[in-house]
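Structure first, commentary second.
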Amino acid sequence: MKCADILVIGGGPGGLGAAIEAAKAGASVLLVDENPRMGGQLYKQIHKFFGSQTHYAGQRGFDIADTLIAEAARAGVELLPQTRALGCFDEGQFALLSLANQDATRLRTMKARRVILATGAKENAVAFPGWTLPGVMTAGAAQTLANIYGVLPGKRILILGSGNVGLIVGYQLMQAGAQVLGIVDVLPSVHGYEVHAAKLRRANVPIYLGSTVVEARGETRVQQVIIGQVDACFQPIEGTHQTIECDTVLLAVGLSPRTEIAAMFGCDMTFERRLGGLMPIHDETMCTSNQTIYVCGDLAGVEEASTALDEGRLAGIHAAAACGYGDEARHARVAALQSSLNTLRSGMHGQPRKEAKNDILQLAHRKGIVGETI
Amino acid sequence: MTQQEHTAPITDPIICRCEEIRKSEILQAIEMGCRSVTAIKKYTRAGMGVCQGRTCARLIEQILIASGISPQAAVARDKARFPIVPCPISAFNGSDKEDQVDAPSI
């Protein structure tokens, strides 16, 4: 059976950051991801990131992924793409399924002293009448089609949700030649960054605030969407309905942490709406109620690629330290990462996430969840 | 785009696509006393299909919360079991050489 000090599940920014730091500290690290290549959602991000240099400002997401993958390989991380974690058994055994070769032996078990879960998040849906018609899909699905496979999901597109995902995907689909007929959001103001919304406004894309999709209609696929304004309880108001002729509706209504493996390990969960819903409780070392399990990135509360990367690095340092790796310099590194996360969680968009994260940490303290290296 | 006065017909959207469970059936389950995602799953089969509730669990959670049930109660769901994603039986035909046990031939 294969053994490693640390198993990292999920090769997005969180998992890559965790694997890099743990390997640099001296631990043997195995990083698995179900996709053909590591990088997670970074590979779909064709726009330039902004912020600070330490968070790769000015670089495009897929370039950041390449940089991190190369850094992980240099640090000695064993990278296993096309490998899906199927779950854990008693005595800490882990089952990994290789998707690479249809004929070869595919299931194998392994043991690790610590596991870092970076399983990310899944997209939410909205169940309006007609949401099961072909042509209704999540914004992330559309982004995969367009930016990974080079296929436009449709020609006339309406987007539900004005968060960053909806805004960015909308603009990218316009660049790819689709017509974006509007962004619809129940909230009274745009939810995402103004820098992304401004691009759509300049292209005269209408943004229907305080509105929602009432119904999608069509024979064999979406042909029409009815939108309407909502009242204070987000219910559609009669008489405000209008019909939009379109072939595609994208749902960009938030993400939920992918908690299956964390739940399997018995990690205590809580419901935190500001961070995406049900998520594992963790302390500032990213340790869960199961002392051998660490979490980071969207699984530990839905935020952004930059926060995922920093949280992953924190989890990697602490998990490695719990295995006896790392020197005294790690304390300064941890302090720097925590200060970096504080900077990322500031301002109009970041502050609510900082408060929610603090509530999670306090809950961990009340429940006596304390990582070994605190 | 055309603007028109419109009244949506009364429709009942599917919530769990795998098991084809509609919103009215979820609401009926709540009326019968279901208070969590896992209770609704056991009463209606919503979330028991191939995808194991990956999309509908969250939708059901929202319906429960909208019905006045507290989020912390509503989110209760069954622990995921091995394997957490559907996989072909052939995946279990072989394993690591050192783990392999010679099965007696029949």
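Loop-located trypsin sites (Lys or Arg not before Pro) across region A:1-60 with a Cβ neighbour count of 16 or fewer within 10 Å are A:R37, with loop assigned by DSSP. Largest mean-square fluctuation among A:G192, A:G15, A:G170, in a Gaussian network model of chain A whose springs join Cα atoms under 10 Å apart, belongs to A:G192. As a length-normalised measure over Cα pairs under 8 Å and 6 or more apart, the relative contact order of region A:114-187 settles at 27 percent. Dividing the mean sequence gap of close Cα pairs (under 8 Å, 6+ apart) by how many residues region B:12-77 holds gives a relative contact order of 35 percent.
For region A:17-106, which chymotrypsin sites (Phe, Trp or Tyr not before Pro) pass both filters: DSSP loop (anything but H, G, I, E, B) and at most 13 other C-beta atoms within 10 Å?
Working: sites: A:Y43, A:F49, A:F50, A:Y56, A:F62, A:F89, A:F94; in loops: A:F49, A:F50, A:Y56, A:F89.
For chymotrypsin sites (Phe, Trp or Tyr not before Pro) across region A:17-106 that sit outside H, G, I, E and B with at most 13 neighbouring Cβ atoms in 10 Å, the list reads A:F50, A:F89.
The helix-based estimate of mean residue ellipticity at 222 nm for the protein assembly as shown, built from -39,500 (n - 2.57) per DSSP H run of four or more residues and divided by its residue count, is -9000 deg cm²/dmol to the nearest 500. Using the Karplus relation 6.51 cos²θ - 1.76 cosθ + 1.60 with θ = phi - 60°, the per-residue 3J(HN,Hα) values for region A:78-90 come to 7, 9, 10, x, 6, 10, 10, 7, 9, x, 10, 10, 4 Hz, with x marking Gly and Pro. When chain A is treated as a Gaussian network with alpha carbon springs shorter than 10 Å, the biggest mean-square fluctuation among A:T248, A:T292, A:T109 belongs to A:T109. Among the GluC sites (Glu not before Pro) within region A:295-333, those in coil by DSSP and having at most 13 neighbouring Cβ atoms inside 10 Å are A:E328. Computed over chain A with a Gaussian network model linking Cα atoms closer than 10 Å, the most mobile of A:P129, A:P236, A:P81 is A:P129. I want the antiparallel fraction of DSSP beta bridges within the protein assembly as shown, as a percent rounded to 5. About 50 percent, rounded to the nearest 5. Can you tell me which lysines have their Cα less than 30 Å from the Cα of A:K44? Leave out same-chain residues fewer than eight positions away. Of all the lysines, those that pass the test against A:K44 - Cα under 30 Å, at least 8 places apart if same chain - are A:K24, A:K122, A:K155, A:K199, A:K354, A:K357. Here B:K23 is the anchor, and the lysines within straight C-alpha reach of less than 17 Å, apart from those fewer than 8 places off in the same chain, are B:K41, B:K42.
Read-outs throughout are calculated quantities, based only on the coordinates presented, and are distinct from any laboratory measurement. None of these values were measured; they are calculated from a predicted model. Cβ sites come from the backbone with ideal geometry, for glycine too, and all protein chains shown count toward neighbours.
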